[in-house]
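The values are calculated or read from the model by the stated rules, or taken from the named source; none is laboratory data. Keep in mind the model is a prediction, meaning the values are calculated, not measured. Don't worry about glycine lacking a Cβ; one is built from the backbone with ideal geometry, like all the others, and counts go over all protein chains shown. To get the accessible areas, we keep the full protein, side chains included, count just its heavy atoms, and leave off ligands, DNA and RNA. Shrake-Rupley method; radii C 1.70, N 1.55, O 1.52, S 1.80 Å.
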Number of protein chains: 4
Amino acid sequence: MKIGKVTVPRTAISTSDEHTIVVRGRDLSKELIGKIGFVDHFFLLLTGALPSEGQARVLNATLVAIAEHGLVPSNQAARMTFAAAPDAMQGAVAAGILGCGSVILGASETAGRLYSEIDTRIAGGEPIEAASLAVMQDWRAVGKSIPGYGHPLHKERDARVDALFDVARAAGTDLRFVKIAEAVEALIPQVIGKTLKLNVSGAIPSVLLGAGFPVAALKGVPILARTASLIAHLYEEMTQPIGFALSYQATREMVYDGELPEGFGA
Amino acid sequence: MKIGKVTVPRTAISTSDEHTIVVRGRDLSKELIGKIGFVDHFFLLLTGALPSEGQARVLNATLVAIAEHGLVPSNQAARMTFAAAPDAMQGAVAAGILGCGSVILGASETAGRLYSEIDTRIAGGEPIEAASLAVMQDWRAVGKSIPGYGHPLHKERDARVDALFDVARAAGTDLRFVKIAEAVEALIPQVIGKTLKLNVSGAIPSVLLGAGFPVAALKGVPILARTASLIAHLYEEMTQPIGFALSYQATREMVYDGELPEGFGA
Amino acid sequence: MKIGKVTVPRTAISTSDEHTIVVRGRDLSKELIGKIGFVDHFFLLLTGALPSEGQARVLNATLVAIAEHGLVPSNQAARMTFAAAPDAMQGAVAAGILGCGSVILGASETAGRLYSEIDTRIAGGEPIEAASLAVMQDWRAVGKSIPGYGHPLHKERDARVDALFDVARAAGTDLRFVKIAEAVEALIPQVIGKTLKLNVSGAIPSVLLGAGFPVAALKGVPILARTASLIAHLYEEMTQPIGFALSYQATREMVYDGELPEGFGA
Amino acid sequence: MKIGKVTVPRTAISTSDEHTIVVRGRDLSKELIGKIGFVDHFFLLLTGALPSEGQARVLNATLVAIAEHGLVPSNQAARMTFAAAPDAMQGAVAAGILGCGSVILGASETAGRLYSEIDTRIAGGEPIEAASLAVMQDWRAVGKSIPGYGHPLHKERDARVDALFDVARAAGTDLRFVKIAEAVEALIPQVIGKTLKLNVSGAIPSVLLGAGFPVAALKGVPILARTASLIAHLYEEMTQPIGFALSYQATREMVYDGELPEGFGA
């Protein structure tokens, strides 16, 4: 069935013949394998260009920062899935990745969109505070929350934030989105009525956008990072299985608040 | 519900308190972010130890080698899924990862198991050819194919194979699984009656096992690598949508060989 | 980690002890198995009450209507995934379900929300045309399209629409959302400047809302229906494998519009 | 890329033109919508024929029997996923389905294969006990467990088993696989050294195979049934969110048994 107008598939990422696999204009076997690291390769696949040393440092740092935070819901979902379906590691990884949604890890992307909107206003001549305030108020007016601030566990500014900012400064990449992120942080009490500190989902786009990473691909960063963590958890699950233990613990205090048939539990 | 005997979940990968996230015994913000690359971090998450420079080179090379091969089925599935559900990048990545199965990318893991079995026999004193032949015949006897050899497109030895072997030699990691992989390649005509050359799914475990990568986690390498590629394809899909065009082309020559109601098409 | 305020899980759907599984207050083995059909059971699970005969007829009809439409993108994605990972049927089904997104099958839910908004205005005293026009204009003003109208293949009103309306009339369920759906259809030319006829994604919520199906669960109807179809396609794939043929056809006319290394294809 | 020999996709399930959608030779809108129930439609999609009344009763009963069993791991995984990604119901359903694996719900299919092997021997003239014992011993000899017996909660024969057997008897479908299932149950103590009673995963194939349901599609039954339950749980999650509470409870007694950096927790 024809859906939409495009009928011929096009891609600029890769092609191949019997002898050569081409990735972004390079011969994979001759120019890339053993010549560049995997994170550089990811940047190349995504943007068509190799990263500068500074860009690569920042991208590596963000992937390291967001990869692992213990038995979070997505790692739990993956370990439960693997316990039930141990023959299909790909299924358990997929179950974990499906938890990279708007509430949990998607904030990196939405915070990046917030900062980009503010940046556009600044480019148009507005001072940073006015631009930030205006965009924050726009977002609140249509019922959207301000992403990238606050954390259920880390009430102070998450230590990962300053670590990422340090990397960006040392890498020499553009810091203007860091300034925007901090301007937003300073305005949070005024706009939403309480103090919320920058979290890692705010820090990631603020350093990555300055490193030339495309805003529309930001969600890919937590997805790729968490995939590494999911694989580690599933490898641990093979020798130290806890998938069913997590599920057992989860419902020990479960309350059933529906109806019961006569005589149940008698 | 209690399933199995373990009731208390344990993990050695990560813990945290309000101030510190611990990953494999290290303070994430102070010791890891900006200090190590993402691939080193993956190795650390998985094994509990940082890789040597040689181990990291080999792991990077394998991830680069397997990340991208054009509009393969899993990239097609992901782009079709994204065209239908553009709000959920994680869902399209998951759909692509679900295609890392036994037929397509799982051969890295099964080839690794084949080489490990041969290695065990060699460690027990058998010569490499005898050990290889014995294991290959065992596998064939129970109906299993020999994974890691042959490719629908690359009839000669896939250029990625030699590139990976070159990296392993330069990195100074253990080459004994490379020798096993080549011994198996030489015996293929005798065992299965035709010539099949080493492919990338054979080369990956042969260099990774020599670099201390755990055999049970081998499937994680194509999964992580392809995730990077999937994100690049979905980013391209945002500006150059082809998901529905792929689907349209796929069925242009479709044959319906079932029954038809009277008058259909009249 | 504690996320949010709720710490004790509650559910009203099911509980059990060693002897009895309770579903919505009933003894599963004594009161449900063999006593009610699966679609009635779905309605019970979802709403806590058994459907009337009319409600069951309408729900069955919508599930039949949306289950199958040939080798659509999600069935293709599932068959490609199964070809690559034949050991994990659940993974191939999941890949297909992931294509039930906002663009393809999600329109049932969004059309249901549109009709509910109009219904609320009518309940407040507005005439049906005025209420419909107002809500349609509101949606267009914020950039949302009007879901449930038009089809790439069926330019006339899709025959499934009238079939579903006939079922609703015969079943005696509330027809007010059908009237709303038709009022919207009549206003489409005025609001968006071209004629688009009701499609199956508009018809489904218009009959289901009248049958007491909750609007927030509407997306579950195409998901459940397509799961049945996906299983049929995967069963066919076992004996008549076309997953890789679909993928091959999809890229036969593929255009690579990126760069090439010197000498490629020579 | 061409993988395998088939290049032209074929299907016998469905085709369509501008006016008519054909499903298994029937006009969907004229012959199926409102005329047959969804479970009959599933049987038709799968096998190409409408079920008899008895076949439909048995299939309905198995789907009802396996749909729901409270906050099992797959429902937990789905609710956690939905809490993190509430915009994508399809992703949360997919995460739940991915837990229909070999350990948890796949036993329906493997038990069906066990019974089919026994049935083949009986058809060849062996008495039922001898045939059952031989196949059970074959399976144990290659390290496979006997699927369909024992349950972590229901130590007596699960009440769902007798309910399903009653349905099969009343429906008049073939009971020979029920007899095989009971013969296996009686031999379990002799073959594995302890008593394990028939569970629902053994009962489902034993009644479905007798109702003409294809053994290779058996895994589809728990997948379809659980999809209904997953949708109900996600609908409850919208108004009574517990996804994060489950995750919080799951790790309250979590033990971190890895290393710690100096000063952690001080």
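Compute, for A:Lys2, the solvent-accessible surface of its heavy atoms (probe 1.4 Å) with the complete set of protein chains present, and express it in square angstrom to the nearest 10.
Spelled out: A:Lys2, probe radius 1.4 Å, area about 100 Å².
Which three extents, in whole angstrom, do the alpha-carbon atoms of segment A:218-266 cover along their principal axes, largest first?
52, 31, 14
In Å, what is the Rg of the alpha-carbon atoms in the protein assembly as shown, and how long is Dmax?
28.5, 90
Defining the label point at 7 Å along Cα→Cβ, can you sort the distances from A:Glu18 to the same site in each other copy, shortest first, in nm?
Spelled out, the distances from A:Glu18's label point are 4.6, 6.8, 7.0 nm.
Order D:100-107, C:20-27 from most to least packed using the mean count of other Cβ atoms within 10 Å.
Details: D:100-107: 24.4, C:20-27: 21.8.
Final packing ranking: D:100-107, C:20-27.
Report the one residue of A:Ser206, A:His233, A:Val221 whose Cα lies farthest in the direction of the positive end of the charge dipole of segment A:199-266 (charges on C-beta: Lys and Arg +1, Asp and Glu -1; origin at the Cα centre).
After comparing all options, I get A:Ser206.
Using only the alpha carbons of segment B:62-165, determine the length spanned along each of the three principal axes and report them from longest to shortest in whole angstroms.
Projected onto the principal axes, the Cα atoms of segment B:62-165 cover 57, 28, 22 Å.
Compute the Rg to Rh ratio over chain B from the alpha carbon atoms, using the Kirkwood formula for Rh, and round to two decimal places.
Values: Rg = 22.3 Å, Rh = 21.2 Å.
Over the Cα atoms of chain B, Rg/Rh equals 1.05.
Ranked by accessible surface with a 1.4 Å probe, highest first, in what order do D:His151, A:His69 come? Let's see the in-between values first.
Details: D:His151 35, A:His69 15 Å².
Of D:His151, A:His69, the descending order of accessible area is D:His151, A:His69.
Take the Cα atoms of segment B:165-266, build their convex hull, and give its volume per residue in Å³.
Values: hull volume 23.0 nm³, N = 102.
It is 226 Å³ per residue.
Could you report the protein assembly as shown's accessible area per residue, 1.4 Å probe, as an integer in Å²? Please list the in-between numbers first.
On the way: 36440 Å² over 1064 residues.
Averaged over the residues of the protein assembly as shown, the accessible area is 34 Å².
Can you pull the mean other chain C-beta count within 10 Å for peptide D:103-113?
Values: counts 10, 8, 3, 7, 0, 0, 1, 0, 0, 0, 0.
The shielding value for this peptide is 3.
Which FRET efficiency value, to the nearest 0.05, do you get for C:Thr239 and D:Asp138 by plugging their Cβ-Cβ distance into 1/(1 + (r/R0)^6) with R0 = 25 Å? Before the final figure, lay out the partial values.
Details: r = 25 Å, r/R0 = 1.00.
So the FRET efficiency works out to roughly 0.50.
Among rounded, prolate and oblate, which fits segment C:107-217 when a ≥ b ≥ c are the square roots of the eigenvalues of its C-alpha gyration tensor, a/c under 1.5 means rounded, and a/b larger than b/c means prolate?
Note, shape of segment C:107-217 comes out oblate.
Calculate the dipole size of segment B:107-217 relative to its Cα centre from +1 charges on Lys and Arg beta carbons and -1 charges on Asp and Glu beta carbons; express the result in debye to the nearest 20. Can you show the working numbers first?
Numbers: 12 positive and 13 negative charges, 47 e Å.
Computed about the Cα centre, the dipole is about 220 debye.
Per-residue mean of other chain beta-carbon atoms within 10 angstrom of the beta-carbon, peptide D:42-49? Write down the numbers at each step before the final one.
Working: counts 11, 2, 5, 11, 8, 2, 4, 0.
Taking all residues of D:42-49 together, the mean is 5.
How would you rank C:114-122, B:196-204, C:190-198, highest first, on the average number of other Cβ atoms within 10 Å across their residues? Kindly include the intermediate steps, with their values, before the conclusion.
Details: C:114-122: 20.3, B:196-204: 26.1, C:190-198: 14.1.
Ranking the peptides C:114-122, B:196-204, C:190-198 by packing returns B:196-204, C:114-122, C:190-198.
Is there a simple number for the mean count of other chain Cβ atoms within 10 Å of the Cβ of residues in B:125-135, and what is it? Display every interim value, and only then the final one.
Details: counts 0, 0, 0, 0, 0, 0, 0, 0, 0, 0, 0.
Per residue, the number of nearby Cβ atoms from other chains is 0 on average.
Give the nm distances, rounded to one decimal, from B:Asp138 to the matching residue in every other copy, measuring between label points 7 Å along Cα toward the beta carbon; shortest first.
Here B:Asp138 shows inter-copy label distances of 2.3, 6.6, 7.0 nm.
Mind checking the dipole of segment C:180-242: about its Cα centre, +1 per Lys or Arg Cβ, -1 per Asp or Glu Cβ, Debye to the nearest 20?
Numbers: 4 positive and 4 negative charges, 35 e Å.
In debye, rounded to 20, segment C:180-242 gives about 160.
Taking R0 as 56 Å, what FRET efficiency do you get between D:Lys35 and D:Glu262 from their Cβ-Cβ distance, rounded to the nearest 0.05? Before the final figure, lay out the partial values.
Values: r = 73 Å, r/R0 = 1.31.
The pair D:Lys35/D:Glu262 has a calculated efficiency of 0.15.
Label-to-label distances across copies for D:Ala123, with labels 7 Å out along Cα→Cβ, in nm, shortest first?
Nearest first, the other copies' label points are 4.6, 5.8, 7.0 nm away.
With the cut-off at 23 Å, tell me which of the pairs B:Lys219/D:Lys5; C:Lys197/D:Lys30; B:Lys155/D:Lys5; B:Lys5/D:Lys144 have Cα atoms farther apart than that. Please list the in-between numbers first.
Details: B:Lys219/D:Lys5 27 Å; C:Lys197/D:Lys30 19 Å; B:Lys155/D:Lys5 16 Å; B:Lys5/D:Lys144 20 Å.
Too far apart for the 23 Å limit: B:Lys219/D:Lys5.
Quick test of the membrane-span-like rule: which DSSP H helices of chain D reach at least 24 Å along their long axis (C-alpha atoms) with mean Kyte hydropathy at least 0.5? Show your work: numbers first, answer last.
Values: long enough: D:220-239 (29 Å, 0.59).
Qualifying helices: D:220-239.
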